[in-house]
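The values are calculated or read from the model by the stated rules, or taken from the named source; none is laboratory data. Only a predicted model underlies this, so the values are computations on that prediction, with no experimental measurement involved. When we count neighbours, we look across all protein chains shown, and the Cβ atoms used for this are built from the backbone with ideal geometry, even at glycine. To get the accessible areas, we keep the full protein, side chains included, count just its heavy atoms, and leave off ligands, DNA and RNA. Shrake-Rupley method; radii C 1.70, N 1.55, O 1.52, S 1.80 Å.
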Amino acid sequence: MAPVRRLRFKTLANRPLLFALAFLILLTTFASRTRYGSLSGGGLPQSPLGASDLLGRYADSWHRVGLGSAASPPTWLGIIGVLSTLLLGKAALLVTLLFWLAPILIFLSAYRGVKRYGLSPTTSIVGGIVYALSPVTWAAINQGRLGTIVILILAPTFISLAPLTAAFEARSWRRIYGLSILAAVAEIGRAHV
């Protein structure tokens, strides 16, 4: 039988990406310790109970905003409703997970975007951490700005793909469709939240 290897700090230090992810997970958990549970109070409206309520509000033809409105509902309502069905209809849990995972997703997006330019892994990790710990990121998380978080996650991807869009005619249709869907998701996040 082979001896069991134990995870040591040296192993973690030799893999800077794992170290950065562990650091961000600890920092995010510590910083969001007061955000667990239901969000209410202040200027926040009463949140819907689940995915069916969100999808129902998205499908309604008349919306209770002010005196009432026949305007179309925001797109993020349908997206959050559909995604919360993956968590058995718990929309509050989905929003909590999104805000808890936001710095980690922002870090991974920036790390991947910087790494595409051929920089060393350590430089890419430092760039990702600086981007994930920026005041804009933490202000968006603390204020509950889901649209800003979506833009922060997608912006490094757009920047890293900018050289690829220079020769747009030479690209495949699959890449063009992917960029179009990415742009549409970024616009949904910017326009409504």
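Can you tell me what the convex hull of the Cα atoms of segment 58-122 projects to on average, as an area in nm²? Walk me through the numbers before you get to the answer.
Values: hull surface 27.8 nm².
Result: a mean projected hull area of 6.9 nm².
I'd like the accessible area for Leu105: 1.4 Å probe, protein heavy atoms, all chains in place, Å² to the nearest 10.
Around 70 Å² of this residue is reachable by solvent.
How long is the gain from Arg174 to Ser72 if the chain were fully straight, where each residue apart is worth 0.36 nm and the alpha carbon distance is subtracted? Intermediate values should be presented prior to the final figure.
Values: separation 102, 0.36 × 102 = 36.72 nm, distance 3.05 nm.
Taking 0.36 nm per residue and subtracting the Cα distance, the gain is 33.7 nm.
What nm distance separates the two modelled labels at Asn14 and Ser32, each placed 7 Å from Cα along Cα→Cβ?
Each label point is offset 7 Å from its Cα along the Cβ direction, giving 3.2 nm.
How much accessible surface does Arg116 have with a 1.4 Å probe, in Å² rounded to 10?
Taking all protein chains as shown, Arg116 has close to 110 Å².
Would you mind getting me the FRET efficiency between Phe23 and Leu119? Use the beta-carbon distance for r and R0 = 22 Å, nearest 0.05.
On the way: r = 20 Å, r/R0 = 0.89.
Efficiency at R0 = 22 Å is approximately 0.65.
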